[in-house]
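To keep things clear, I will list the structure first and then write my remarks on it.
Please treat every number below as a calculation from the coordinates, not as lab data. Owing to the predicted nature of the structure, the values given are computational and were not obtained by experimental measurement. Positions of Cβ are generated from backbone atoms using ideal geometry, with glycine treated the same way; all protein chains shown enter the neighbour counts.
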Amino acid sequence: MASNPYSKTLFKLALLYVLFVFPFYSTAQKIRFEGKVIDALSGDALAGASIILDQVHAYTSNENGLFTLTTEPGNHQLIIYHVGYRDTLLNVPMTSDHPFITIHLIKKEQMLQEVIIGANRYGRALIEQISSISTINPKEVQFKNIQDAAQAIDQLSGVVVIDGQASIRGGSGYAFGAGSRVMMVYDGVPMLTSDRNDVKWSFIPMENVERIELVKGASSVQYGSSALNGVLNIQTAFAVKDDETTFSTYLTRYDGSIPANKIRPEDKVPFATGGYLLHKMKRGKSDFVINAYAHRSQSWLQGEFAKRSRLHVKYRYRLSERTSFGINLTGMLQHTSQFFFWSDDSVGAYQPLNGTTTLVNLKELYTVAQANMHHFDRNNIKHTAHIQYYHTNHINGRLWQPATNLFSADYHMQKEFNTWILSGGVYTNAFFFRDDGIGGRHSGNQGSLFVQFEKAFNKFRIEGGGRMELFRLDTIYAGSRPVGRIGINYSPYKQLFLRASFGQGFRFPSPAERYVNYSLGDIYIYPNPTLLPEKGWSSEIGLRKKASLGKFNAYADWALFLQGFTNMMEFSFGQWGNPSAPFFGLGFKSVNVNEARMAGSELELGVQKNIGKLKLLTDIGYTYTYPVDLNADSSLRSAKNFMQGFIKGLYNTDSTFRRGLLRYRNRHLIKFDLDVSYNRLSFGGSIKYYSRMDNIDSYLALFIPGVNGYRKDHLQGDWLFDLRLSYQADQYGKVALICNNLLNSFYAIRIARPDAPRGFTIQYTYTL
């Protein structure tokens, strides 16, 4: 009997992992001294605190606030640093009779120095990262009435979300419902569907987020193949100290904002409404969270609507200061209809092409059950394990199918050796589903192993690692080449940090990208069973400068990046079917671009200033991306020609320049945000700029009316302005007024699908 190549390679991975793990347990010990770092006010454990022993050896507290060090008996000095807290110096007698200490840190008001988890799976200050990372304050999510994770990351510089597909610095184009180069990590667990490998943005309970961070660039070493373009890490919260109950509701109206020449008598009035109830509590060693959410909307696009309800339950039991267990249950039922293309760019801009035949109507049920364990053993090793069952279901009448089932498990361990941090992990999943639109029944597996290290010395810190993955889809077996990651962070003086990194990635096509065979009226999406896996890499150099003076804080972050892809998968419109088929076989299909390259630069600036009761917070980000298809213009393989094109794209373009660009990308993006608060009153505003997509599928302009006319009218791109105002009354809750698209601009980020006209929202939030 022929041997299974998948099981053979899995055996090799397991052997490598054992060889890697064994040295973790072979260290000699002198005196073991342990401690815990906590918030002096709330008593909560503080992850990511830096503990410096005798100004020589560095340690980091784990997610339970615990740390362990080994040293000679006697009096020693500890210096404890933690972002947002006062630096603390302690002289501690360390003997076997006193093996444990609890360290209380006092919080201070500082800006933009968050502890980041997503870049390396453990706490590390933002300024010390080797890659560009952007974060969103949970207060911003509430103040802007953000309802799903896609809206959240769209606030960040360098990010565009098109029909649910996130593109970071031009790393993705347009791919309707199939494949993602951005990995979603939800409470420490990867969350992509098994059939389409896409993100269900509305499934994440945004009403209870504690941390939202986006890692830009290839992160496949830590999180797997779908992290080729970045990682979105979302962590939900537990109660900080006391019980907490929050109720919030909102109503959005678009009345009168749609231009009169685009309204028809039969059009439904667009609106959105919803709310949530959230309760968090602590009981002894138990932490418990439950929240319920509901949303209903009638889109400005006629025929498009959404109805959804979601329930989220989270529980954690702290068995000891070293060990905790938890479960996370989320379920959502939704009924949506999605608008695909307009009828034209004038009176039919808000009407679906060919009537209701081009609307996607879905009833869906999503459920996920997660269990986790965190343990810090007496060998100074941190152990983390997750298991997950992720189920999606399309409800068609009495039939609950197609249904997808994904089982996954991962294990991660980490150990500190003086100035070294070594970690590694394994991940595996199994899935099966039946979907006649994706070729019927499918099943598959994935297995992976990764290792990484960190070394600190003098003013340098180096990170590196590698990963190997195996894939099976039905009878197709594939193994990625080993992918690696290396980076360095250097601080010549206290408030300046320089960084450089290089990371590789590999992505296996989703079943939908290979086998989808679907139609929207006369629009067909064709399969491509010969689709090849794509490989990529991402490099970056950057610097981050901080400035602090009293109650004034500011930062500047600049990055220059270069990405490359081989066999890049792009969703392309063309004649893929038989000429005798409807519309001569025109439609969409995932194809391999032989080679692609993206270069660019990103600048972010932020300022926080407190003047008595007046607080000001502002940030701005500008991203320039030069994304080229080296197959379409082979002359760009020359470094000289590529650099000339890069410079030219900053200020001027012509038809020759545009011919070599990848499709569905914006070269220039600007994101600006301002918040001003005085006592209980807060005021804010946002400005966004999207340059026109230079290149789209040429067939699209012939097939969809009004595309050429719209593009001629929007040569200079689109500017958007938002305003918001809120008032916090201690006894009566908080009221916010929000106006999005203040100038009522008519624009379409994704061509032939208009984005929202001016909308007014009133939001009420009450917290006990």
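Taking the Cα centre of region 629-768 as reference, the dipole from Cβ charges on Lys and Arg (+1) and Asp and Glu (-1) amounts to some 320 debye. Taking other Cβ atoms within 10 Å as a rough exposure proxy, T135, T357 sort from fewest to most as T357, T135. Relative to its residue count, region 283-424 spans a Cα convex hull of 185 Å³ per residue. With loop membership from DSSP and a limit of 14 other Cβ atoms within 10 Å, the longest segment of the chain without chymotrypsin sites (Phe, Trp or Tyr not before Pro) is 1-650. Its alpha carbons considered, region 444-570 gives a radius of gyration followed by a Dmax of 21.1, 64 Å. What separates the Cα centres of region 440-514 and region 515-568 is a distance of 14 Å. Compared with the dominant Cα axis of the chain, that is its longest principal axis, helix 639-648 is turned about 70°. Rounded to whole numbers, the Karplus 3J(HN,Hα) couplings from phi for region 676-687 are 10, 10, 9, 6, 9, 9, 10, 9, x, x, 9, 10 Hz, using 6.51 cos²θ - 1.76 cosθ + 1.60 with θ = phi - 60°, and x at Gly and Pro.
Using the rule -39500 (n - 2.57) for each DSSP H run of four or more residues, divided by the residues of the chain, the 222 nm mean residue ellipticity is -2000 deg cm²/dmol. Viscosity 1.002 mPa s, temperature 20 °C: Stokes-Einstein D of region 549-627 from its Kirkwood Cα radius, in µm² per second? Roughly 126 µm²/s, to the nearest whole number. For the chain, the longest principal axis of the C-alpha atoms and the axis of helix 5-21 are separated by about 30°. Ranking of E540, E34, E72 by neighbouring Cβ atoms within 10 Å, starting from the fewest: E72, E34, E540. Rg and Dmax of region 115-767, both derived from C-alpha coordinates alone, stand at 24.3, 73 Å. Each of K535, K459, K494 was scored by other Cβ atoms within 10 Å of its Cβ. Listed from fewest to most, they are K494, K459, K535.
When only alpha carbons are used to place a centre, region 591-606 and region 326-384 end up 26 Å from one another.
Dipole of the chain computed with +1 at Lys/Arg Cβ and -1 at Asp/Glu Cβ about the Cα centre; of M693, F341, N328, farthest Cα towards the positive end is N328. Backbone amide hydrogens, once placed in the peptide plane, bring L661 within less than 5 Å of D629, excluding anything fewer than 5 places away on its chain.
Distance check, please: which entries in K613/K734; K30/K285; K139/K363; K459/K671 exceed 22 angstrom between their Cα atoms?
Over 22 Å apart, Cα to Cα: K30/K285; K139/K363; K459/K671.
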